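See below for the structure under consideration.
The values are calculated or read from the model by the stated rules, or taken from the named source; none is laboratory data. What you are looking at is a predicted structure, and each value in this text was computed from that prediction instead of being measured. Note that we place each Cβ from the backbone using ideal geometry, even for glycine, and neighbour counts take in every protein chain shown.
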Amino acid sequence: MALGREGLHVVVLEARDRIGGRILTIHRQGWPVPLELGAEFLHGDAEATRSVAAPASLATVELQDRHAWVHGGRWTERSGFWDEFQALCRQIRPTRRDRSFAAFVAARRSRGRREELGRLIVEGYHAAPADDMSARSLAEAAAGDTGSNRQRRLPWGYDAIPHLLRTALDPERVEVRLSTAVTRVSHRSGEVRVDCVSALGNALPSVAARAALVTLPLGVLQAPAGAPGAVRFDPPLENKQAALAGLGVARAHKVVLRFREAFWEEPSFVKARTGRDEPAVFDFLHAPGTAFPTWWTSAPLGASVLTGWVGGPGAARLDGRSPRAMLAEALDALADVLCCPRRHVERLLDGWAWHDWQSDPFARGAYSYPRVGGAGASDALARPIGGTLHFAGEATGADEAGTVSGAIASGRRAARAIMGS
Ligand SMILES: Cc1cc2nc3c(=O)[nH]c(=O)nc-3n(C[C@H](O)[C@H](O)[C@H](O)COP(=O)(O)OP(=O)(O)OC[C@H]3O[C@@H](n4cnc5c(N)ncnc54)[C@H](O)[C@@H]3O)c2cc1C
């Protein structure tokens, strides 16, 4: 949360004790490679993120974006992965009332590979329950799609982005307070007071300002009073209730596994699964129906790392698992995906990492998705209240919601509005 204050400019209040996520590095042929527990890819053009990276000459590397479908011990390449999804979404005809993606699929005559892919992307990439995800919003996104399905990585780690943003702040005008959790925001026209506590729960000095920019995650904004991490608004945000109800909190579990060697790249291993002689190094492997239906490699970085991902209802099923139980689920699923005995996978496992975003009080989920009837909710959430309370963050990021780039762009939009008010 950032606050504009006469004289003293801006105070940034952040509940965590650091800027950027945790990054573990491994060394393969001497190069450190980040293990990303949160954001990892630049999806599409991601202009706002690249506009932070480019002036610092921070490299981004593009994925080939090769996807394979896993079935019956075979890996079959699936070309046009994103195009096929966009084509499906363009078939969503406008209905008087919005409906869920699941309802759209159920009403179709065909229930084939394309529909299966659609569900995988809605429940995986969007990490939303298919029976709650707005079909209208998917149709609108597909209609406005610029055709850029590029996926890129930041080889030095995603946390370079918040670090660059942080170092660009003028220390004379901006104060960043870490380990400072906001508990209450009292507001009236032209006046805001923010109460906060330390990591140990002790009261810290309140901050007064003429305007505040609220960048709390959707899960925190929706948290009931008294829940860990919840923030009380005084008066309550009555005119935001419809917008908040129109957005759902996506759930996801991401497990990062580090192996002694990248055995899945060996030509004989690949050939046994693809039937092809040429080494086919896939970026993504998909096995709908397993506990972690999507896996990706670190390509093109070449680290011996595999990442398992489950979103939506599949993630909800795993909520509350202990770290060891989560690892066990991941190894079972990976053995299925790689079509090899679990003991083989386990024997070569060298380390692993996972962060529970759902029970993290300052996240309370992964990111947002538009629920049925919630196609305009992101814009409604973004609207300031009386020039005093402004809103930014991925959930207000409209066509880039759910991404880092959307969050950065929304922050710039809100900062311009505050400076102009
Ligand atoms: C597992 C996972 C993988 C992802 N992968 C990608 C990806 O590959 N590419 C991509 O573009 N996006 C990805 N995302 C989404 C991306 O991380 C978010 O869209 C982006 O971080 C949102 O930025 P934000 O500023 O809106 O919210 P956040 O990054 O959540 O920032 C909100 C801040 O508010 C702080 N906060 C919360 N409560 C309080 C409080 N009470 N007081 C003070 N501070 C508080 C939090 O500590 C946090 O730092 C992923 C997300 C997850 C969880």
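The table that follows gives values for the structure above.
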item	result
ARG273 being within 27 Å of ALA315 (Cα to Cα) and of a type in the set (D, E, K, R)	no
Some residue of the stretch 210-221 being surrounded by fewer than 22 Cβ atoms within 10 Å (Cβ to Cβ), part of a strand (DSSP E or B) and in contact (Cβ under 8 Å) with a residue 12 or more places away in the chain	no
ARG273 vs. criteria under 28 Å from the mean Cα position of the chain (by Cα), buried (at least 19 other Cβ atoms within 10 Å of the Cβ) and within 22 Å of ASP336 (Cβ to Cβ)	no
Some residue of the stretch 117-128 being free of Cβ contacts under 8 Å to residues at least 60 places away in the same chain and over 30 Å from PRO267 (Cα atoms)	yes
All strands (runs of 3 or more DSSP E) inside the stretch 18-131 with 1 or more residues being modelled with pLDDT under 90 and buried (at least 17 other Cβ atoms within 10 Å of the Cβ)	23-28, 31-36
Filter result for PRO224 (farther than 30 Å from THR76 by Cα and either loosely packed, with under 14 Cβ neighbours inside 10 Å or within 16 Å of the ligand (Cβ to nearest atom) (or both))	yes
